[in-house]
1. Can you compute the FRET efficiency between LYS42 and ASP65 using 1/(1 + (r/R0)^6), with r the Cβ-Cβ distance and R0 = 22 Å? Round to the nearest 0.05.
2. If I ignore ligands, DNA and RNA and count only protein heavy atoms, how much of LEU74 is accessible to a 1.4 Å probe, in Å² to the nearest 10?
Amino acid sequence: MRLGSCRGKDFWENKSRNGTEVSCHSPENVGIPQSLDKLGVKEEDIPNLAKDAYADVCTGGNPRDTSVEEIEALYKSMLHDPVVKA
C-alpha cells in the first residue's frame, strides 16, 4: 500500500510476519521501465496502439473526450522520455 512520498519517491508499506516495514523505492530501482521503448514499443506500433486504446470499452468512461490523435501524441511523448518524472 502506498503511504506517501519523499523526494519524488514513494513510501510503500510492506507487511511481514514480524511486523510492518516502510521503504522508499523509486520505479527504476524496482525494475519498472521508464519509457515505452524500454517495453519494446516502436514508433510504428503507436498508431495501432492508439486505435486499440480509443476502441477500448473504458474510453467512454473518461471524464473528458479524447481522440486517436491525442492518444498517439501522448504515446509518442512517452516513447523515449521517462513516463515517471521525479
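1. It comes to 0.20.
2. About 90 Å², rounded to the nearest 10.
The values are calculated or read from the model by the stated rules, or taken from the named source; none is laboratory data. The shown structure was predicted, so the numbers you read here are calculated from the model rather than taken from an experiment. Please note: Cβ atoms are built from the backbone with ideal geometry, for glycine as well, and neighbour counts cover all protein chains shown. Each accessible area value is taken on the protein alone, full model and side chains, heavy atoms only, with ligands, DNA and RNA left out. Shrake-Rupley method; radii C 1.70, N 1.55, O 1.52, S 1.80 Å.
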